[in-house]
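What follows is a single structure, written as structure tokens, with notes after it.
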Amino acid sequence: MVRRHAKGLFAMLLILALALVGCGGSSTPPAQSGGGTPAPGPSGSEPEKKLKITLIEGVANDTFYISMARGAREKAQELGIEVDVQGALTWDVAEQTKVLNAVIAKKPDAILIAPTDRKGMYAPLKAAVDAGIPVILVDTTLDDASIALTNIASDNYEGGKEAAKALAELVGAKGKVFTLNTKPGISTSDERVRGFEDGLKDFPEIEYLGVQFNDDDTTKATSVTSAMLQRNPDLAGIFVTNQIGGMGANVALKNAQKADEVKMVEFDGGPDQVKALKEGIVQSLIVQKPLEIGAKGVEVAAAYLRDGKKDFEAVVTTGFVVATQENMEDPEISKYFYVAD
Amino acid sequence: MEKTARGDQSMLPGAAEGAQVSIWKRIFGWSNFWILAVLLLLVTVFTVLQPQAFPTFMNARNIALDTCVVILLAIGATYVIITSGIDLSIGSNLVLSAVVSAKVMAWLSGTPAQIRAGEFPNQWVAIPIGIAVGILTGMAWGWLNGRLITGLKLPPFIVTLGTMTMALGAANLLSGGVSIANVPPVLQTAVGMKNLFGFLPVPILITALIAAFAMFILNKTRFGRHTYAVGSNTEAARLSGINVNRHLIKVYAVQGLLAGMAGVMDLARFNSVSPASHSQTNLNAIAAVIIGGTSIFGGAGTIGGTIIGAFIPTILQNGLIINDIEPFWQQIAVGAIIVGAVYFDQLRRRNRK
């Protein structure tokens, strides 16, 4: 009896394993068939092996990284390079290391990665470099980024300053404001906060209530914002440092019916944030350019691998656009909004 | 009675036949056999699909390294779950222990100015003390869990759900919420990333030794027998003279001790500790125990099964990535294996009755 069931279970797992493997198999052929008719390499008649690079996202389920992946894929297709996108399911050093180690085993020609910790990801990435795989940092960075070819990112500090200016304008340069940040210790969002706090120094009549964390969790972002609204009925403004926080803060403001009184400036341009901008819950979005970050990352990889370029600037910054209700229909602005697939 | 509580060969259907049990039955009845078969199947499939990338020494070593921390936590969780308890706080306890350990190391290594300059003059004193304090922190937290569970007579799920958040809060308070980076680098070069004899990473060796010791304790000592006895029938255990509360406190302290060790190991490997990390590690460890055939109803389970159970998700993830498969499939696959494993455990129990 048990044995029969056990066989059933075993069979189920076998089928599952094969099904999964089957999925992988079917997803690779297009890329392989592309490589099946080798185009002559740029250097001459010798058929060149198709370059393969892997992009490791900071976390797998975020439209910022999905947009970055799209930018990388589009550029890669243009240059005849194959891109595989991977990412851990949580923002976590140990989890990202597992993903990175599997990618190292695959020996791609280059790795593009958004490291989840400035310090903790150094040793795992050093191992990749030691294994002969060039590393390009996209979005987030390391304390010691010298092992990477370059770091391509938004100037998060400047973005934070810009947010301070925008929020000060919206609240009339006075009143209480606070920052809703994700998790502590993330290089990009910490820089945004630093820029925002420095930016506020030009506005002495603004009372700054400090930073609250939402652990990158929409529900927690909602409850933290609601609590701050309870505690400070005269709250004038909120600076939100990323999408997840934005989604939560938007809901909290709606619930409290304070969307008219409390002004909000948010980092990023995710679909929910754009919707909230249209509805007038958010007044201003500091939108990064993930498509450009992804595309530039692939360009750097191609320049290094194909053209033998060695010297890259340590940091390449991509700018950002400030989206408001007035300019959001402008295609020059809306083309930077993040995509979900 | 005591033997049936052991959980190994004795629970298989053919066991009643005693000496006449064929080798065939013994192998197929061995409670870990199917889960080991799943592991081997995964390895075989990935090897066939990616003969160049998957079955390399480097990759195997990385998989083992990536699994060490979960194995340490899961060894403790095996003990706890055999007593029909649960400890949800292990991930936060790991982070707290690592933060305390890092703080102590930074504090004893030299003056703040020296450390800012990257010098750690007293590191050879600071590192051992830091390691010891980190491990003791973990043990103290585990002991606290045990005291609260037995003293307040609250379900372990509730107590450790509470202490899980408390430990994370304490870690955030101590670290200011940011990752602690001023840890002596030699901790990483001499322990975390060190390969003995040029090939054997220190964390893997330590984990293997601890696993062997934990196996010995569980199978060969009174402590192990009492752990099974408390889990299979608390009342009977009490009547037979076991001080159940005291034993439970010890078991939770052991779990805490292992979480402390895992924290120090994590610190050594990454040379920093981020309170934002390890939010899922507790569930990964508990999943390893369940996949490895330990019954959530208590009374049965093995360390060997747990170790296999810890490797399955890591190997699955590694192999799926090497095959360029989207990350979300990993969740589906691991979840399916957990459900399958528990279903099989239920069948086995029903059959025993």
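The values are calculated or read from the model by the stated rules, or taken from the named source; none is laboratory data. Since the model is a prediction, treat every value here as computed from it, not as a measurement. Virtual Cβ from ideal backbone geometry, glycine too; neighbours counted across all protein chains shown. Surface areas here come from the heavy atoms of the whole protein model, side chains and all, with no ligands, DNA or RNA. Shrake-Rupley method; radii C 1.70, N 1.55, O 1.52, S 1.80 Å.
None of B:276, B:310 is of a type in the set (A, V, I, L, M) and under 26 Å from residue B:195 (Cα atoms) except B:310.
This table checks each residue for (1) out of contact with any helix residue (DSSP H, G or I) (no Cβ under 9 Å at 6 or more places or on another chain); (2) away from every other protein chain (no Cβ under 12 Å); (3) at pLDDT below 65; (4) farther than 30 Å from residue B:141 by Cβ.
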{"site": "B:18", "(1), (2), (3), (4)": "yes, yes, yes, yes"}
{"site": "B:49", "(1), (2), (3), (4)": "no, no, no, yes"}
{"site": "B:78", "(1), (2), (3), (4)": "no, yes, no, no"}
{"site": "B:87", "(1), (2), (3), (4)": "no, yes, no, no"}
{"site": "B:90", "(1), (2), (3), (4)": "no, yes, no, no"}
{"site": "B:106", "(1), (2), (3), (4)": "no, yes, no, no"}
{"site": "B:109", "(1), (2), (3), (4)": "no, yes, no, no"}
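If you check B:292, B:256, B:340 for being at pLDDT below 90 and away from chain A (no Cβ under 12 Å), only one passes: B:292. With a requirement of 2 or more residues that are within 26 Å of residue B:318 (Cβ to Cβ) and within 14 Å of chain B (Cβ to nearest Cβ), the helices (runs of 4 or more DSSP H) lying completely within the range A:92-184 that satisfy it span A:93-106, A:122-130. Of the helices (runs of 4 or more DSSP H) lying entirely inside the range B:233-343, those carrying at least 1 residues that are in contact with a strand residue (DSSP E or B) (Cβ under 6 Å, 6 or more places away or on another chain) and either of a type in the set (Phe, Trp, Tyr) or under 15 Å from residue A:95 (Cβ atoms) (or both) are B:303-322. The set of residues from the range B:32-79 being part of a helix (DSSP H, G or I) and of a type in the set (Ser, Thr, Tyr) comprises B:44, B:47, B:67, B:78, B:79.
Just wondering, is there one or more residues in the range A:238-253 that are open to solvent by less than 60 Å² (accessible area, probe 1.4 Å) and more than 30 Å from residue A:341 (Cβ to Cβ)? No. No other residue among B:321, B:338 is out of contact with any Phe, Trp or Tyr (no Cβ under 7 Å at 6 or more places or on another chain) and either aromatic (Phe, Trp, Tyr) or under 29 Å from residue A:185 (Cβ atoms) (or both) apart from B:321. Selection within the range B:113-132: residues that are closer than 15 Å to residue B:265 by Cβ and surrounded by 19 or more Cβ atoms within 10 Å (Cβ to Cβ). The member of this set that is nearest to the chain's Cα centre (by Cα) is B:131.
Just one residue in the set A:276, A:323 is under 19 Å from residue A:245 (Cα atoms), part of a helix (DSSP H, G or I) and out of contact with any Asp or Glu (no Cβ under 6 Å at 6 or more places or on another chain); that residue is A:276. When each of A:16, A:100, A:20 is tested for being open to solvent by less than 10 Å² (accessible area, probe 1.4 Å), modelled with pLDDT under 65 and under 22 Å from residue B:70 (Cβ atoms), the lone residue that passes is A:20. Checking the structure you have, find out if any residue of the range A:260-272 is part of a helix (DSSP H, G or I), open to solvent by 10 Å² or more (accessible area, probe 1.4 Å), modelled with pLDDT under 90 and in contact with a helix residue (DSSP H, G or I) (Cβ under 7 Å, 6 or more places away or on another chain). Yes, there is a match, as at least one residue in the range A:260-272 is part of a helix (DSSP H, G or I), open to solvent by 10 Å² or more (accessible area, probe 1.4 Å), modelled with pLDDT under 90 and in contact with a helix residue (DSSP H, G or I) (Cβ under 7 Å, 6 or more places away or on another chain). Of the residues making up the range B:158-188, those that are assigned to a helix (DSSP H, G or I), within 20 Å of residue B:108 (Cβ to Cβ) and among the polar types (S, T, N, Q) number 2.
Looking only at the range B:307-333, residues that are more than 7 Å from chain A (Cβ to nearest Cβ) and at pLDDT 80 or above come to 11 in all. Out of all the residues in the range B:200-218, is one or more open to solvent by 70 Å² or more (accessible area, probe 1.4 Å) and either modelled with pLDDT under 90 or not in a helix (DSSP H, G or I) (or both)? Scanning the range B:200-218, I find no residue that is open to solvent by 70 Å² or more (accessible area, probe 1.4 Å) and either modelled with pLDDT under 90 or not in a helix (DSSP H, G or I) (or both), so the answer is no.
Within the range B:144-157, the residues that satisfy the criterion of being open to solvent by 20 Å² or more (accessible area, probe 1.4 Å), over 9 Å from residue B:87 (Cβ atoms), part of a helix (DSSP H, G or I) and touching a Leu at 6+ places or on another chain (Cβ under 9 Å) are B:148, B:157.
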